[in-house]
Each structure stands twice: as structure tokens, then as C-alpha cells.
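What follows is a single structure, written as C-alpha cells, with notes after it.
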Amino acid sequence: MTHRLTIRTPDDWHLHLRDGAMLRAVLPHSTAHFARAIIMPNLVPPVVTSTDATAYRDRILAARPEGSDFTPLMTLYLTENTDPADVAAAHASGLITAVKLYPAGATTNSASGVADFARVQPVLERMAEIGLPLCVHGEVTDPDIDIFDREAVFIDRVLDPLRARVPGLHVVMEHITTARAADYVRSAPTGLAATITTHHLVINRNHILVGGIRPHYYCLPVAKREEHRLALRAAATSGDARFFLGTDSAPHADPAKLQPCGCAGCFTAPNTLPILAHVFEAEGALDRLEAFTSLNGPAFYGLPPNDTHLTLERTAPDIPAQVETDDGPVTVFDPGYPLNWRVA
Ligand code: DOR
Ligand code: ZN
């Protein structure tokens, strides 16, 4: 039985850090375990220009704990008015690592996202030319599409036609939740990848709804049937380089989550690595954890893996149930079983 596992330091390829006091409260939980993270731009107002991204990056750097050299990999929030020249300049200067596409209205703070995809064709073409990846929230927003079908319908109606219109574009399907999305990613030999969250490897839709409603398990895309959770576990633990970790750790203070209309998001930054060690061990794939957390993501983004290492040891972790913020506590995602791995 393995008792210690040393891997290259992980990166988080999809992270919400928020801003202000919330940023300061949650950031140390990511910098403790991750060397780099792709930072989501869905602030209020969103991070749409290179000027916005520069200022946000500086606020993140200033909020890092003493001694941390965590690198925020910035993104721009794609709108129908995004200027291709601004995007290209932000990429050329090294400021941004990706652009994020939110279909308008799909999720938290997505109102400024894209409704008419024809209007973003020029910026997508420019991104393909310069090799700048597009991170996609893959859900349609049509009111007539059932929420559990929104990812699968997005692939057929939006993503596949978009990739056909801009063939050289590198695309990351973010936080996939279905077997259909995993299969779609496998259908492309290059230029298409997916992030998988920690929580979608752990919960299915029953966990949200059976025996009472569990607001802390509500996120978008919403967890699907058990067969899909199993498909995600198979993809994540397969070693296939097209799948890598993006936690989508998305803190909301409990007063905002525990409402008649509560916010979507699971806060997994503090316990993602203990949970992943548990999941990979259960799947007999501990030897493939490093590929998922530390190798596949950098390879897709054309970055070197981290040259530092992190050790997991078989000991119960000491993880707080909640993290205090000025807006109230943020509840840490509860996998529903005891964890027996911790970061040494
Ligand atoms: O659950 C989610 N929370 N999904 C998203 O797409 C956005 C995120 C957030 O920002 O809270
Ligand atoms: Zn997200």
C-alpha cells in the first residue's frame, strides 16, 4: 500500500478567486497547493480588457501570502465588443493565457457574455492565428432546453459549429459533466481538451436532491446522473492528456448560497488534493494523479510543468469546514466521506 506520493506541484486550470476581502480569504487555500491557476474573469464588472486584467493580476499578486510565488494565469472575459487587437496585445505581452467564453446568462455573472456568436468570429480567428486558447462554459441558455441537457445540446448547436468555423482554435471545454462531453473531447486528436472539477468526480444529481436539498452541492453545470460521474472518473483517471484538473472552486459566502434562490458554486480549493488522492486511489490510478493535476494541463497550454514537487501522505487531513470572510463563512465542499490523504 502506498503511503506517500510525490508529484510535480499541481496547477488549477479553472479557478474563481473573486476580489477584495473574499480574494484575500480564499487565495491562501490555492497558493498552499497549486503553483499556477487560470483565473476566471467573471467579476462584477467582468475583466474584459487588458487594462482590467493587469489591475486584477496586481490585486491577486498583492493578496498572495508572504513568501508565495503563485502565478495567476489571467484570462479575458469575451464579449461581443471584445477588440481583437487588445486580445492579441495582451497575449503578446504575456499578460493573458486564455480567453473565457460565457454564453450570455449561462451562469454567475455571465450577463455580459456572448449571445450572437457571429459577432465574436473576428476575435476567435485572431486567437487561432496567435495560438491563444478559448476556455468555454459549455451550456446553452435556451429556456426550452432542460438544465440537465444543456451541455450536450451546447456541443451540437454551438461548440462543434464554432470549431468548424475556426479550425485552428484551441478550445478547453471547461468543467465537463457528461459522458457525451468526454467522448466529444476524445473525438479530436489535437486542439481540444477538457477540465474536470473535483466535485463532479464525487457527486451526482442525487447528492443534491435526495433527502433534502443541498445548496453546497449546487453548481453549474449541475451534476448529472451517476453514469456521467463514472464517465468523468474514467476520463480523469485514464491518463489521457486531453483531461486535466480545473477545480472551478467558486466561493460564495453562505448568506448568498442559503437563499430561496442561492448561488451556484462549490468551494473545493482547501481539500481538492486530499479528495483527488482518494478518488484516484479508489480507481486504482494513484500513479496517474500527477498527469491529471500537474502534467496534462501545462502540456495543452504549451507551458513547462512545475519544477517543484508536492507530497501527499496517508494521514487524515486537517481541513476547516468553513473559511471566514467579511461576507460570512464560505463552506468547504464536503465529499461525504472521511479523507485519508493530506498534503505533507
Ligand atoms: O458553479 C459555478 N460557479 N459555475 C460557474 O460557471 C460559475 C461559478 C461562479 O462564478 O460562482
Ligand atoms: Zn467556473
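The values are calculated or read from the model by the stated rules, or taken from the named source; none is laboratory data. Everything numeric here is computed off the predicted structure, so don't read it as measured data. Because the Cβ atoms are built from the backbone with ideal geometry, glycine has one as well, and the counts that use them run over all protein chains shown. Keep in mind that these areas ignore ligands, DNA and RNA; they rest on the heavy atoms of the full protein, side chains included. Shrake-Rupley method; radii C 1.70, N 1.55, O 1.52, S 1.80 Å.
Some points to look at:
- Neighbours by Cβ (under 7 Å, 6+ apart or cross-chain): first from the range 37-51, farther than 17 Å from D12 by Cα; second within 13 Å of ligand 2 (Cβ to nearest atom) and open to solvent by less than 10 Å² (accessible area, probe 1.4 Å): P46/Y77; V47/P41; V47/Y77; V48/Y77
- Checked against (1) closer than 29 Å to Y184 by Cβ; (2) more than 17 Å from the chain's Cα centre (by Cα); (3) in a strand (DSSP E or B), T311 passes all but a single condition, namely (1).
- Selection count where residues are open to solvent by 60 Å² or more (accessible area, probe 1.4 Å), part of a strand (DSSP E or B) and within 25 Å of R8 (Cβ to Cβ), scope the range 314-344: 1
- When S112 is tested against (1) part of a strand (DSSP E or B); (2) within 16 Å of ligand 1 (Cβ to nearest atom); (3) open to solvent by 10 Å² or more (accessible area, probe 1.4 Å), just one condition goes unmet, and that condition is (1).
- When we screen P335, P329 for residues that are within 22 Å of L27 (Cβ to Cβ) and either touching a residue at least 12 places away in the same chain (Cβ under 8 Å) or hydroxyl-bearing (S, T, Y) (or both), the only hit is P329.
- Within the range 129-151, not a single residue is in a helix (DSSP H, G or I), more than 16 Å from ligand 1 (Cβ to nearest atom) and either of a type in the set (S, T, Y) or on the phi > 0 side of the Ramachandran plot (or both).
- Residue in the range 115-128 that is nearest to ligand 1 (Cβ to nearest atom), counting only those that are open to solvent by 40 Å² or more (accessible area, probe 1.4 Å) and of a type in the set (G, A, S): A115
- Being farther than 17 Å from I155 by Cα, polar (S, T, N, Q) and within 16 Å of the chain's Cα centre (by Cα) is a property that S93 lacks.
- Scan of the range 300-313 for residues that are open to solvent by 60 Å² or more (accessible area, probe 1.4 Å) and of a type in the set (D, E, K, R), ordered by number: D307
- Which listed residue is under 27 Å from T9 (Cβ atoms) and within 19 Å of the chain's Cα centre (by Cα), from H216, H175: H175
- For the range 200-214, the criterion of being in contact with an Asp or Glu (Cβ under 9 Å, 6 or more places away or on another chain) and under 14 Å from V171 (Cα atoms) is met by no residue.
- Taken as a whole, the structure leaves L295 outside the set of residues that are touching a residue at least 60 places away in the same chain (Cβ under 8 Å), among the aliphatic types (A, V, I, L, M) and touching a helix residue (DSSP H, G or I) at 6+ places or on another chain (Cβ under 8 Å).
- Against the criterion of being open to solvent by less than 10 Å² (accessible area, probe 1.4 Å) and touching a His at 6+ places or on another chain (Cβ under 9 Å), T272 qualifies.
- Condition met for A299 (among the aliphatic types (A, V, I, L, M), farther than 24 Å from V202 by Cβ and not in a loop (DSSP other than H, G, I, E, B)): yes
- The range 132-145 residues that are over 29 Å from M74 (Cα atoms) and of a type in the set (F, W, Y), paired with ones that are part of a loop (DSSP other than H, G, I, E, B) and modelled with pLDDT of 95 or more (beta carbon under 6 Å, 6 or more apart): none
- Within the range 243-290, the set of residues being more than 23 Å from A316 (Cβ to Cβ), more than 16 Å from ligand 1 (Cβ to nearest atom) and touching a Ser or Thr at 6+ places or on another chain (Cβ under 9 Å) comprises F243, F244, R288.
- Scanning the range 94-108 for residues that are among the hydroxyl-bearing types (S, T, Y) and either at pLDDT below 95 or within 12 Å of ligand 1 (Cβ to nearest atom) (or both) yields Y102, T107, T108.
- Criterion (within 16 Å of ligand 1 (Cβ to nearest atom) and in contact with a Ser or Thr (Cβ under 7 Å, 6 or more places away or on another chain)) met by exactly one of H207, H200: H200
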